[in-house]
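J.: Sending over a structure as structure tokens; questions will come in a sec.
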Amino acid sequence: MAVYAVKLERSDLLQLPVHPEACTEDTFEQWCAERVADGARLAVDLFSGGGGLSLGLTDAGWTVAASVDTNKFALQTHRANFPGLALDVDLGDRKQRAGLIKMLRRAPIDLVAGGPPCQPFSRAGRSKIRSLVDAGVRDEFDERKELWRAYTDVVLKVKPRAVLMENVPDMALGDDFHVVRTIVDMLEGAGYRTELRLVDAWRYGVPQHRKRLILLARLDSDAFTWPDSGGAVTVREAIADLPGLGLTTGGRELPYAFPGELSRFADRMRRDVTSDRVWDHMTRPVRDDDRKIFASMTSRTLYTDIDPSLRRYKADTFDDKYKRLDWDELSRSITAHIAKDGYWYIHPAENRTLTVREAARIQTFPDDFRFAGSRSHAFQQIGNAVPPMLGRAAASALAPVPVHDRARRNPWRVLANELAAWAEERRAGAYWCVLPGEQLGPAVASVVAMLEPTPAELLVYERGLREVAARRRITKRAVDLIEHAASSRATGSVVARLRTLQDERKLWTKPADVPEILNLPPGKTALLKLLAGDDVLLTSQPVIRVSSRVLNTASERANSLTDGRVDLARLVCAGSNAPLRMAALRLISQLYCHKQSPMCGQCPLVQQCATGKKGNSSSTLLF
């Protein structure tokens, strides 16, 4: 082992041999046929990286026939650890994608899995990308965001029985689930039944805080039965059996001394290791000043707690720069950032950052899984990976079942259609100005967003709003009518603002500029955009209450901005009527789905509502 002495230490490049049961493009069809004849179910992993999801699929009973990536070290890692075919294909290139689809259609592919690149959607990457755009270094449009189209193109043309897509939650949260809702709509239009959920990886044996977005789809059933979640696995259970490094940086191959008793998790990680060795248990050298900092830290120490004389970063900017892990808690999420530095992942006991093998363990890669390239390449592959044990759990929910009656209508589409039909009927009556449609121009939408009238107040403001709709602008007469109808002092400021807009004509000729010009608060801006026909999700507590009750989830009481949005996305769906359905849910929350004494008997969703079916028009539901 190399003793700590220098600030920089580059690791060797690990070259891995190709798996002995690999195939070529020429032998792919025959290779698949032979394995299917032996009872195998074939899977394809797109954007596979080093193979975290592929390993999860394998553990869940599939044989990964083909994987696709463009990173040369990730491809080498996949080729070494899995049989089948690992292809260097740019899925954003239509010609290359068409060639892949043609090849895959020659084999009985049962499942297509993958995670389109997620960096542009994550909070960690968004600010960096914005700074590059502002500096003129890169274009605002990022092709990686559009690779989900390539993914769905492969799925819809190969038409496997089952589909699994994984990504960071911000892919959905960052754009009001528009991309995810569109993917769901495309899959359901092709006959798939779908499930969308945010999953805490720790519930399935992954020893870290990590929330992922999982989209499942299948042709053979409505059921998505996940395995029972187990207890949390701590950092101690995950890595404590690995040898200590002292003042060394470890090495490619080190002796492994069996500790006498392994945790259940560690035993699983060593299951296929037949020797008393451990591989890739190596970390970066530590600076002398950092070693002093590490020595003073506990798992509760913040960067602001560190001796100012030892800090190298501004404490107000980098308040979370260093993090020592706690033996008896979950690790923080292992991300690709670990390839740049390990300050977020300081060992619980030793004054160093995690090794490649420790990071792999926390991501649930077993000890016999090797990573091609240098130490940094390995960290990058590990950080970008889907934790195999999470992949296994998600894939298990797609296990084949006896053929289902596919003629039955999709309940999600039935609900969406009935919600839109109810909204169209109400749009023809008193609620015309809170349900987007042709009658709602930008001027009316702006006034409604500024006033935010309750259903009862709509009748009071009816004449003023009709005046705005007829003139397609805010007139003095309209403001007079609204002011006369106003019944609260709070409306006075809105009337004053409307006065400044009366008889303004140019404002309404560029509807896209209206929200910015009016400078409304975020909630009112979102309402304005919705009423103007934009596909946005309104995540107010009353609206989340409707979706939570209909779907019988806990998002009304907790995690309303994460799990609550998933529920809401399922009801709103995608397509031209998505804004209408969203506005309808808002109206339902105001008319019927009250926090106390909801009027379930009058609600148009009562037949689909898991909660409403239990009550009646006079019931009081306690949450």
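The values are calculated or read from the model by the stated rules, or taken from the named source; none is laboratory data. Computed from a predicted structure; not experimentally measured. Backbone-built Cβ (ideal geometry, glycine too); neighbour counts: all protein chains shown.
J.: Does residue 120 count as at pLDDT below 95 and either touching a Phe, Trp or Tyr at 6+ places or on another chain (Cβ under 7 Å) or among the hydroxyl-bearing types (Ser, Thr, Tyr) (or both)? Before the answer, list the steps.
T.: Numbers: at pLDDT below 95: yes; either touching a Phe, Trp or Tyr at 6+ places or on another chain (Cβ under 7 Å) or among the hydroxyl-bearing types (Ser, Thr, Tyr) (or both): no.
Judged against the criteria, residue 120 is not a match.
J.: Would you mind stating whether residue 366 is touching an Asp or Glu at 6+ places or on another chain (Cβ under 8 Å), at pLDDT 95 or above and over 25 Å from residue 74 (Cα atoms)?
T.: Working: touching an Asp or Glu at 6+ places or on another chain (Cβ under 8 Å): yes; at pLDDT 95 or above: yes; over 25 Å from residue 74 (Cα atoms): no.
Criteria not met by residue 366.
J.: Separate question: Can you list residue pairs whose Cβ atoms sit under 9 Å apart, with the first residue in segment 213-238 being in a loop (DSSP other than H, G, I, E, B) and the second being buried (at least 19 other Cβ atoms within 10 Å of the Cβ) and among the basic types (Lys, Arg)? Count only pairs 6 or more apart in sequence or on different chains.
T.: 219/193; 220/193; 221/193; 222/193; 223/193; 224/193; 224/218; 227/392
J.: A further question follows. Taking the condition more than 30 Å from residue 353 (Cα to Cα) and free of Cβ contacts under 8 Å to residues at least 60 places away in the same chain, does residue 58 pass?
T.: The answer is yes for residue 58.
J.: Can you confirm whether segment 405-425 contains a residue that is of a type outside the set (Ser, Thr, Tyr), closer than 20 Å to residue 527 by Cα and at pLDDT below 90?
T.: Among the residues of segment 405-425, not one is of a type outside the set (Ser, Thr, Tyr), closer than 20 Å to residue 527 by Cα and at pLDDT below 90, which makes the answer no.
J.: Counting just the residues of segment 300-337 that are within 30 Å of residue 50 (Cβ to Cβ) and either more than 28 Å from the chain's Cα centre (by Cα) or of a type in the set (Phe, Trp, Tyr) (or both), which one comes out surrounded by the most Cβ atoms within 10 Å (Cβ to Cβ)? Spell out the reasoning first.
T.: At the first step, the residues of segment 300-337 found to be within 30 Å of residue 50 (Cβ to Cβ) are 318, 320-337.
Checking the rest, the ones that are also either more than 28 Å from the chain's Cα centre (by Cα) or of a type in the set (Phe, Trp, Tyr) (or both) come to 318, 322, 327.
Working: 318: 14, 322: 24, 327: 15.
Within segment 300-337, the match that is surrounded by the most Cβ atoms within 10 Å (Cβ to Cβ) is 322.
J.: Quick check on my filter: what residues within segment 277-323 are outside any loop (DSSP other than H, G, I, E, B) and either hydroxyl-bearing (Ser, Thr, Tyr) or modelled with pLDDT of 95 or more (or both)?
T.: First, pick out the residues of segment 277-323 that are outside any loop (DSSP other than H, G, I, E, B): 277-282, 288-295, 303-305, 308-310.
Within segment 277-323, 277, 278, 279, 280, 281, 282, 303, 304, 309 meet the criteria.
J.: So, one more: Which is touching a strand residue (DSSP E or B) at 6+ places or on another chain (Cβ under 8 Å) and modelled with pLDDT of 95 or more, of 156, 198, 245? Working first, answer last.
T.: Working: 156 fails: touching a strand residue (DSSP E or B) at 6+ places or on another chain (Cβ under 8 Å); 198 fails: modelled with pLDDT of 95 or more.
Every option except 245 fails the conditions.
J.: Collect the residues in segment 58-80 that are of a type outside the set (A, V, I, L, M, F, W, C), in contact with an Asp or Glu (Cβ under 8 Å, 6 or more places away or on another chain) and surrounded by fewer than 24 Cβ atoms within 10 Å (Cβ to Cβ), keeping them in residue-number order.
T.: First, pick out the residues of segment 58-80 that are of a type outside the set (A, V, I, L, M, F, W, C): 58-59, 61, 63, 67, 69-72, 76-79.
Applying the additional criterion that residues be in contact with an Asp or Glu (Cβ under 8 Å, 6 or more places away or on another chain) yields 67, 69-70, 72, 78.
Selection gives 70, 72.
J.: Here's something else I'd like to know. If you check residue 421 against the conditions, is it hydrophobic (A, V, I, L, M, F, W, C), within 32 Å of the chain's Cα centre (by Cα) and surrounded by fewer than 15 Cβ atoms within 10 Å (Cβ to Cβ)? Talk me through it step by step, then tell me what you get.
T.: Numbers: hydrophobic (A, V, I, L, M, F, W, C): yes; within 32 Å of the chain's Cα centre (by Cα): yes; surrounded by fewer than 15 Cβ atoms within 10 Å (Cβ to Cβ): yes.
Criteria met by residue 421.
J.: Only one of 526, 512, 496, 558 is assigned to a loop (DSSP other than H, G, I, E, B) and of a type in the set (Gly, Ala, Ser); which? Break it down into steps so the answer makes sense when it comes.
T.: Working: 526 fails: assigned to a loop (DSSP other than H, G, I, E, B); 512 fails: assigned to a loop (DSSP other than H, G, I, E, B); 496 fails: assigned to a loop (DSSP other than H, G, I, E, B).
It is 558.
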